[in-house]
Amino acid sequence: MNTMRRFIGFYKPYKTVFFLDLICATIISIIDLAYPQILRTSTNTLFTGDSGYILKMLIPIGIGLFIMYVVQGLCRYYVSYQGHMMGANMERDMRQQLFDHYEKLSFSYYDKNNSGQMMSKLVSDLFDIAEFAHHGPENLFISIIKIVGSFVFLFLINWMLAIPLLVLVVVMFIFSLSQNKRMQETFMENRRKIGDVNVSLQDTLAGIRVVQSFANEDMERRKFKRSNHGFLRSKNDNYRCMGTFMGTNTFFQGMMYFVTFVFGGVLIAKGYMDAVDLAMYALYIGIFISPIQILVELTEMMQKGMSGFKRFLEVMDTEPDIQDAPDAQPLEDVRGDVSYENVSFRYEGEEESVLQNISFNIPAGRSVALVGPSGGGKTTICSLLPRFYDVTGGKITIDGKDIRTLQLKSLRNHIGIVQQDVYMFYGTIKDNIAYGRPNASMDEIIAAAKRANIHDFISQLPEGYDTFVGERGTRLSGGQKQRISIARVFLKNPPILILDEATSALDNESERHIQKSLEELAKDRTTITIAHRLSTVRNADEIIVIDEEGIRERGTHKDLLEKNGLYAYYYNMQFEGLE
Ligand code: ADP
Ligand code: MG
């Protein structure tokens, strides 16, 4: 089986530990099995009644037992410590591989999958896998040795008593398995129900302001009560199953002692065995009862572990849509001519194309502005240039080279993007600016911040460039974040620039400030600008008006106003009453 082979592959770096782990497990089981034998020898000694002899024999037996248990303790230590560490190491390896792979997957993958599910793969699935990876082989080993070993001894001691016990064990095992399956189902149901409770809780908390402003607390409470009660009901099923399982198992165990005592008694009466044998029987039964439970639990652990591993493989086997071609070239000595030639594009899984036969050309250092209603495809046009998605028709070239023949990393290193939403990583302001070029010096960072008009603000913060920002850090305003993102791009210093509604979320005042930094940034770079507010695109070398139908108008600001078409209409609308 392919899945199994790949699973075993993860053991490879830990071959030695794995091997020692199994050896220790074997020693632990053998020592457990040896105890009744030693007891028998000692009892025989004790029964001789010669006190001198007894005392003499106690010394070697005592020393032997002592050493045995020291060894067993050490082996148990190794198995619990190194065995678990092996599992943890494998978990770390898989998690790293998964993370590396997630980083490579394309935008289209992230369009379709939610981050909650991805997180759960990184955390809980991998934990299940690691548990199985470590406990699986080891428990299987211990259980089999103990079960087979103790049965061999039972047969050797008295085969007549062993046969009814064997039958009992088989029945018990089959019964446990079937019960376990029922129990698993109720566990799954449990998990679904607690999921419902979580969804309901999260929904209410996320929307608590709406709930309270509509005074709908009672309605929400009723909804929550329903899911909360559903969880209780599923717990009831769950515990009933568990009770049946535990109860029957205990009963079966008792039955083994019962058969041993009654049937063994008959055998003793008939002279087929003696009382010491019976005592040994009781001890061996004790030894093999526990592994039966362990085996049953193991089937569950294996199901969880393997289904987790399958989900892991599913992600690992998803090829990134966008990768370097085998003979991809780096982008060198870039002038920055950008050209879209008959570009068409359709999002994966969508019926209709967003773009059809779009062509335009931006000579190095010049600018194009895309304007038009939202949903027209402006952002989509921009995402094609860094190859977040690949065109479905036509081609895009930089300095005449089709971008699909370029190395992805090199291509993206030559393009800077400023967009409406700015993501701040958890870290210092300095780290966030340096994200544009991680090896930049402090002087370069400050220079970039100055050009982005954010240096003065940062300087007056108590901790300056070392102020923590991001999810758990200081809150920055939209304008401040935007300026940090502009500083990032200054530092990156790319020849090609995309400004996608960089100022749309800002008030007029901040917009005016940032507009200056953006103009400075765009100087001598090939630029595509998308803007809501047409005042910001007036100076573009070419303005392209685009909507769902495609390109509607194009030309300079002056041309388009003279033409008195769509652009002129939008433009006059925005400035009515303003000027
Ligand atoms: P604009 O930037 O002009 O507002 P977009 O390029 O964002 O327009 O969107 C153009 C069209 O593509 C819209 O109809 C939008 O719903 C669709 N679209 C955008 N992103 C995706 C996506 N990731 N998957 C599917 N459809 C998308
Ligand atoms: Mg957009």
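Looking only at residues of the range 522-537 that are more than 16 Å from SER374 (Cα to Cα), β-branched (Val, Ile, Thr) and in contact with a strand residue (DSSP E or B) (Cβ under 6 Å, 6 or more places away or on another chain), we find that the one that is surrounded by the fewest Cβ atoms within 10 Å (Cβ to Cβ) is VAL537. Between ASN432, ASN453, which is out of contact with any strand residue (DSSP E or B) (no Cβ under 7 Å at 6 or more places or on another chain) and either touching a residue at least 40 places away in the same chain (Cβ under 8 Å) or on the phi < 0 side of the Ramachandran plot (or both)? Selected residue: ASN453, the only one of ASN432, ASN453 that is out of contact with any strand residue (DSSP E or B) (no Cβ under 7 Å at 6 or more places or on another chain) and either touching a residue at least 40 places away in the same chain (Cβ under 8 Å) or on the phi < 0 side of the Ramachandran plot (or both).
How many residues are in a loop (DSSP other than H, G, I, E, B) and either buried (at least 17 other Cβ atoms within 10 Å of the Cβ) or touching an Asp or Glu at 6+ places or on another chain (Cβ under 8 Å) (or both) when one looks only at the range 409-432?
6
Okay, residues lined up against (1) part of a strand (DSSP E or B); (2) surrounded by fewer than 19 Cβ atoms within 10 Å (Cβ to Cβ); (3) of a type in the set (S, T, N, Q):
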{"site": "PRO438", "(1), (2), (3)": "no, yes, no"}
{"site": "ILE445", "(1), (2), (3)": "no, no, no"}
{"site": "ASN453", "(1), (2), (3)": "no, yes, yes"}
{"site": "ILE458", "(1), (2), (3)": "no, no, no"}
{"site": "TYR465", "(1), (2), (3)": "no, no, no"}
{"site": "LYS481", "(1), (2), (3)": "no, no, no"}
{"site": "LEU491", "(1), (2), (3)": "no, no, no"}
{"site": "ILE498", "(1), (2), (3)": "yes, no, no"}
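Would you confirm, using the coordinates I've provided, whether GLU519 is surrounded by fewer than 19 Cβ atoms within 10 Å (Cβ to Cβ), under 30 Å from SER441 (Cβ atoms) and more than 16 Å from ligand 1 (Cβ to nearest atom)? Judged against the criteria, GLU519 is a match. Criterion first (farther than 21 Å from LYS516 by Cβ, more than 16 Å from ligand 1 (Cβ to nearest atom) and either in contact (Cβ under 8 Å) with a residue 12 or more places away in the chain or in contact with a Phe, Trp or Tyr (Cβ under 9 Å, 6 or more places away or on another chain) (or both)) does LYS481 satisfy it? Spelling it out, it is not the case that LYS481 is farther than 21 Å from LYS516 by Cβ, more than 16 Å from ligand 1 (Cβ to nearest atom) and either in contact (Cβ under 8 Å) with a residue 12 or more places away in the chain or in contact with a Phe, Trp or Tyr (Cβ under 9 Å, 6 or more places away or on another chain) (or both).
Mind checking which pairs have a first residue in the range 289-316 that is under 15 Å from ASN249 (Cβ atoms) and a second that is modelled with pLDDT of 80 or more and polar (S, T, N, Q), Cβ under 6 Å, 6 or more apart or different chains? Qualifying pairs under 6 Å: ILE289/GLN253; PRO291/SER143; ILE294/ASN139; ILE294/SER143; LEU295/SER143; VAL296/SER176.
The set of residues from the range 366-382 being within 15 Å of ligand 1 (Cβ to nearest atom) and crowded, with 16+ Cβ neighbours inside 10 Å comprises VAL368, ALA369, LEU370, VAL371, GLY372, GLY376, GLY377, LYS378, THR379, THR380, ILE381, CYS382. Per the listing LEU385, LEU411, LEU406, the residue uniquely at pLDDT 95 or above and within 16 Å of ligand 1 (Cβ to nearest atom) is LEU385. Scanning the range 150-195 for residues that are assigned to a helix (DSSP H, G or I) and either touching a residue at least 60 places away in the same chain (Cβ under 8 Å) or of a type in the set (Lys, Arg) (or both) yields a total of 26. The selection criterion, being closer than 26 Å to ASN508 by Cβ and either part of a loop (DSSP other than H, G, I, E, B) or touching a residue at least 60 places away in the same chain (Cβ under 8 Å) (or both), does not hold for ILE551.
Only a single criterion out of (1) within 16 Å of ligand 1 (Cβ to nearest atom); (2) crowded, with 19+ Cβ neighbours inside 10 Å is not satisfied by ALA540, namely (1). Note on the range 346-395: among residues that are in a helix (DSSP H, G or I) and within 11 Å of ligand 2 (Cβ to nearest atom), the one that is farthest from TYR567 (Cα to Cα) is SER383. Against the numbered list (1) modelled with pLDDT of 95 or more; (2) touching a Gly at 6+ places or on another chain (Cβ under 7 Å), ALA505 comes up short only at (1).
The values are calculated or read from the model by the stated rules, or taken from the named source; none is laboratory data. Quantities reported herein were computed from a predicted structural model and do not represent experimental measurements. Methodologically, a virtual Cβ is constructed for each residue, glycine included, from the backbone with ideal geometry; neighbour enumeration extends over all protein chains shown.
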